[in-house]
1. If you take the charge dipole of the chain about its Cα centre, with +1 on Lys and Arg Cβ and -1 on Asp and Glu Cβ, which of His90, Ala66, Ser39 is farthest toward its positive end?
2. Mind checking which of Ala128, Thr106, Gly5 is farthest towards the positive end of the chain's charge dipole, using Cβ charges of +1 (Lys, Arg) and -1 (Asp, Glu) about the Cα centre?
3. How far, in degrees from 0 to 90, does helix 57-79 lean away from the longest principal axis of the Cα atoms of the chain, to the nearest 10?
4. Ratio of Rg to Rh for region 80-159, alpha carbon only, Kirkwood?
5. Does anyone have the angle between helix 124-137 and the longest principal axis of the chain? Alpha-carbon axes, 0 to 90°, nearest 10?
6. Where nothing but the Cβ of Lys and Arg (+1) and of Asp and Glu (-1) is charged, how large is the charge dipole of region 69-122 around its Cα centre, in debye to the nearest 20?
7. Under 19 Å from a point 7 Å along the Cα-to-Cβ line of Phe154: which residues of region 87-128 have their amide N that close?
8. On a C-alpha basis, how far is the centre of region 3-72 from the centre of region 106-159 in Å? Whole number, if you could?
Amino acid sequence: MAQYGAQLLWLRGEQPFLDQRYSRRHVLRFDGGVEVPASSSPHVVPLPMSDPAAVDPEEAFVAALASCHLLWFLSIAAQRAFCVDRYVDHPLGILAKNGDGQLAMTVVTLRPEVSFGGARRPTPEEVAEMHHQAHEACFIANSVKSEVRCEPVFGSPPG
């Protein structure tokens, strides 16, 4: 068993609070020392109480799913002796009401586009299988109730 954590810090400072017009901007701190500015989404809490330049929880959720998939895909490709030169993804999460009428990330769609180098190149079927295996192995995808989709982009030029 492993444990993972982060630190979140929000400070009121001199701003009013009880009028509910306080800033939602805060900091996420991770064990390696990285600090990430965070905030509520402007789609959820209007400006100026939200900071559109900061990472919101919905974006972080989508990014965590995509990052986990990326890391598993790279591991599987390396095990199969396929050299990945580039991996780019533009994942998209949909916030909508779920079956219980609550707002939830109901669908997350990963759209990885992978370029391979070297003499040994996978077929589209092999790439699809590696994505399937990565999805099955991803700890984050295995931890959520949302449907997590993976729609790889094929046909991109190498490099």
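1. Farthest along the dipole direction, towards plus: Ser39.
2. Gly5
3. For 57-79 against the chain, the angle is about 20 degrees.
4. Values: Rg = 15.1 Å, Rh = 14.1 Å.
Rounded to two decimals, Rg/Rh equals 1.07.
5. Helix 124-137 sits roughly 40 degrees off the main axis of the chain.
6. On the way: 6 positive and 4 negative charges, 46 e Å.
Result for region 69-122 is approximately 220 debye, rounded to the nearest 20.
7. Only 87-90, 110-117, 120-128 fall inside the zone, counting backbone N under 19 Å.
8. 27
Taken together, the values in this text are just the output of simple stated rules run on the coordinates, not laboratory data. Every value quoted in this text rests on a predicted model; they were computed, and no experiment measured them. For neighbour counting, all protein chains shown are included, and Cβ atoms are generated from backbone atoms with ideal geometry for every residue, glycine included.
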